[in-house]
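A quick write-up on the structure given underneath.
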Amino acid sequence: MTTSSEIYVRSEEELFSREELALITIVPEHIAIIMDGNRRWARQQGLPPIMGHWEGAETLTDVVRAAGQLGVKTLTVYSFSTENWSRPTDEIEQLMNIFELYLHRKREVMVREGIRLDAIGDLTALPERVQAAFEMTKKATEHCNKVNLVLAMNYGGRDEIRRAVAKILEMHGNEPVHVTEELISSQLDTFRFGDPELLIRTSGELRVSNFLLWQISYAEIYTTEVLWPDFSPKNLFEAVLAFQTRERRKGGGVC
């Protein structure tokens, strides 16, 4: 975690005042977000579901910029789960179009804002055009160091653990291996980013939905009724304010 004295950096568009930043004394270095409510938002607006996803993509740009200005080092967002493949084929195709266009159109913004792109999940199942767009943007932003934007794409917590165990077995073959938490963690997709300290879920739902099951064991959980397309830098600010009031400790079950 970082302190408020380390985080104030001038940029072209300041989202928070010095007075607001002075209220932030503890910043979670890694925040994970379940971006829920896109389709519900679209229905409320009388729009087709895909428009909610488009609006949600625009929201993400603002939230990542806000995270960087608050001093957050890594933002991991649930973009497309392994379960999302069960959605209608036309919706999946539209989502893939959004991913591809987002990665192309936001590339310059990411570079300008110091946003380094990465991903977790099994990207090999995504269309080649989406994989290509991701690799191009990842390459273009690899020198950025203000904030990591990690897209969880074709990601599921159980699948990640399964893949981690499979890698351990492949590494050791028929040889006996002493399996520790550290060994499993070292093979998870998120190893280089560390575990999130704060998990945010929008739209009022209270499920973790197979997201970062291993990593959120000791994360603080913050839920809000706000639908993802309406989630703003102010809402992120409020989540971080709430985080710093929590008494963080490991373990449980004993009073």
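Does residue 72 satisfy the condition of being assigned to a loop (DSSP other than H, G, I, E, B) and touching a residue at least 24 places away in the same chain (Cβ under 8 Å)?
Considered against the rule, which asks whether it is assigned to a loop (DSSP other than H, G, I, E, B) and touching a residue at least 24 places away in the same chain (Cβ under 8 Å), residue 72 comes out as yes.
Out of all the residues in segment 130-156, which are loosely packed, with under 14 Cβ neighbours inside 10 Å and either under 21 Å from residue 86 (Cα atoms) or acidic (Asp, Glu) (or both)?
The answer is 142, and nothing else.
Out of the residues in segment 1-24 meeting the condition of being surrounded by 12 or more Cβ atoms within 10 Å (Cβ to Cβ) and among the polar types (S, T, N, Q), tell me which one is modelled with the highest pLDDT.
2
Give the residue that is surrounded by the most Cβ atoms within 10 Å (Cβ to Cβ), with candidates limited to residues of segment 75-95 that are in a strand (DSSP E or B) and hydroxyl-bearing (Ser, Thr, Tyr).
It comes out as 76.
With the condition being touching a residue at least 40 places away in the same chain (Cβ under 8 Å) and surrounded by fewer than 18 Cβ atoms within 10 Å (Cβ to Cβ), I'd like the helices (runs of 4 or more DSSP H) fully within segment 157-254 carrying at least 1 qualifying residues.
Working: elements: 157-172, 181-186, 233-243.
Fully inside segment 157-254 and qualifying: 157-172, 233-243.
Kindly indicate which of 97, 148, 154, 174 is among the polar types (S, T, N, Q) and modelled with pLDDT under 95.
Numbers: 97 fails: modelled with pLDDT under 95; 148 fails: modelled with pLDDT under 95; 154 fails: modelled with pLDDT under 95.
Being among the polar types (S, T, N, Q) and modelled with pLDDT under 95 holds for just one of 97, 148, 154, 174, which is 174.
Out of 56, 71, 52, 46, which single residue is at positive phi and buried (at least 16 other Cβ atoms within 10 Å of the Cβ)? Steps first, please.
Numbers: 56 fails: at positive phi; 52 fails: at positive phi; 46 fails: buried (at least 16 other Cβ atoms within 10 Å of the Cβ).
Just a single option satisfies the conditions, and that option is 71.
Can we say residue 103 is in contact with a Phe, Trp or Tyr (Cβ under 6 Å, 6 or more places away or on another chain), over 19 Å from residue 31 (Cα atoms) and in contact (Cβ under 8 Å) with a residue 12 or more places away in the chain? It would help to see each step written out before you state the result.
Numbers: in contact with a Phe, Trp or Tyr (Cβ under 6 Å, 6 or more places away or on another chain): yes; over 19 Å from residue 31 (Cα atoms): yes; in contact (Cβ under 8 Å) with a residue 12 or more places away in the chain: yes.
Spelling it out, residue 103 is indeed in contact with a Phe, Trp or Tyr (Cβ under 6 Å, 6 or more places away or on another chain), over 19 Å from residue 31 (Cα atoms) and in contact (Cβ under 8 Å) with a residue 12 or more places away in the chain.
Output the qualifying pairs, or none if there are none: Cβ atoms under 8 angstrom, residues six or more apart or on different chains, first residue in segment 12-26 and in contact (Cβ under 8 Å) with a residue 60 or more places away in the chain, second residue outside any helix (DSSP H, G or I) and of a type in the set (A, V, I, L, M, F, W, C).
24/7; 26/1
Every residue in segment 116-168 that is touching a helix residue (DSSP H, G or I) at 6+ places or on another chain (Cβ under 8 Å) and acidic (Asp, Glu), please.
Correct list: 118, 122, 159.
The values are calculated or read from the model by the stated rules, or taken from the named source; none is laboratory data. Remember, predicted model here, so these are calculated numbers, not experimental data. Backbone-built Cβ (ideal geometry, glycine too); neighbour counts: all protein chains shown.
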